[in-house]
1. Compute the relative contact order of the stretch 228-294 as a whole-number percentage, counting only Cα pairs closer than 8 Å that sit 6 or more residues apart in sequence.
2. Ranked highest first by the average count of other Cβ atoms within 10 Å around their residues, in what order do 78-91, 118-131 fall?
3. Which of the residue pairs LYS158/LYS307; LYS55/LYS301; LYS231/LYS260; LYS121/LYS197; LYS231/LYS259; LYS58/LYS307 have a Cα-Cα distance greater than 18 Å in the structure shown?
4. Say the dipole of the stretch 7-214 comes from +1 at the beta carbon of Lys and Arg and -1 at that of Asp and Glu; which of LEU91, HIS105, PRO122 then lies farthest toward its positive end?
5. Given charges of +1 on the Cβ of Lys and Arg and -1 on the Cβ of Asp and Glu, with all other atoms neutral, how large is the dipole of the stretch 98-223 about its Cα centre, in debye to the nearest 20?
6. Spin-label point model (7 Å from Cα, Cβ direction): what's the LYS286 to GLU140 distance in nm?
7. Excluding ligands and nucleic acids, what accessible area in Å² is computed for HIS21 using a 1.4 Å probe, to the nearest 10?
8. To the nearest 0.05, how large is the calculated FRET efficiency for ASP199 and GLN296 if R₀ is 51 Å and r is the Cβ-Cβ distance?
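The values are calculated or read from the model by the stated rules, or taken from the named source; none is laboratory data. Treat the numbers as computed from the prediction; the structure is a model and nothing was measured. All Cβ positions, even for glycine, are placed from backbone atoms using ideal geometry, and neighbour counts span all protein chains on display. These accessible areas exclude ligands, DNA and RNA; they are computed on the full protein's heavy atoms, side chains included. Shrake-Rupley method; radii C 1.70, N 1.55, O 1.52, S 1.80 Å.
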Amino acid sequence: MEPLFLKPVFQEKIWGGNQLHTVFGFDIPNDKIGEDWAISGHPHGVSTVENGPYKGWKVSDLWSEHRELFGDAQGDVFPLLTKILDAEDDLSVQVHPDDSYGLKHEGELGKTECWYIINAKPGSEIVYGHNANSREELAEMIEDERWDDLLRRVPVKKGDFFYVPSGTIHAIGKGIMILETQQSSDTTYRVYDYDRKDDQGNTRELHIQQSIDVTTVPAISPALEMTEMKKGSSSVITYLKTDFFNVYEWDVVGELALKKDGDYTLVTVVEGYGHLIVEGQSYEMKPGTSCILPAQINEWKVEGEMKIIASTPGTK
Ligand code: ZN
């Protein structure tokens, strides 16, 4: 069995830039690329396999027709989505619904997400949470556009990690690149978009009522229970174990041997170069390389000097 290497899907955004080319070396279609959907079964940008016996298959079709690759996991849709984001400008202040609201109102999963900061210009900030004490106060502060009072801003640097459960008001600030691991959903409720206009002079739609409905009040700041396991000069950092996904960093210096710890594993290189070795076959890895290790691969090795963000499905 071979790893399933995936072709990137680029998404143009009003806030996007060119670092997916300058930092990651991708051949991007223009200088406004905000997102690489690196590992996706979502219809708005589904990944295609680039190698091996499943070459040309879409991840969503493999999920439907070859569920054995995913350990015969349950569920109508491939549940995870890995993105690399380049915020040349600020993203809108936004919030995502949970599964019950998302399925009822949008016909898709809710969106719990988490971010590994790949790099950040000095002074970069995110919006993470809010200061309203009740839903009424939240509605009032939004209505009165008291953004400075409402929004909590947090400085960020390379290597930071944030858990963003559904219901968390958030925004990625300009100058930040992140790797995002999230539920497979494209439902975003925009609270505030800095009143900015696109090339045609149009503002983007806001979703004030939905935002007020789905925001967790008062805000919670979920504690991360990070652990680090040294393996020679390499290490495995566990950032999160949740109902939706488990997220790890493989910090590879020299070599790192790993065993399956979940039905299947999503793998994306965020920094450095090396190789992935499966059943004696060696595959080149460089920034942005993404693959799924299917259920049939029980052990593998990575070697070189790389930082990799890996994830496995949660219990939901
Ligand atoms: Zn988001």
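1. Values: 93 pairs, mean separation 15.7, N = 67.
RCO, the stretch 228-294: 23 percent.
2. 78-91, 118-131
3. Cα-Cα > 18 Å for LYS55/LYS301; LYS121/LYS197; LYS58/LYS307; rest within.
4. PRO122
5. Numbers: 14 positive and 23 negative charges, 129 e Å.
For the stretch 98-223, the charge dipole is close to 620 debye.
6. The modelled label-to-label distance comes out at 5.7 nm.
7. 100 Å²
8. Details: r = 48 Å, r/R0 = 0.93.
That pair, ASP199 with GLN296, gives E of 0.60.
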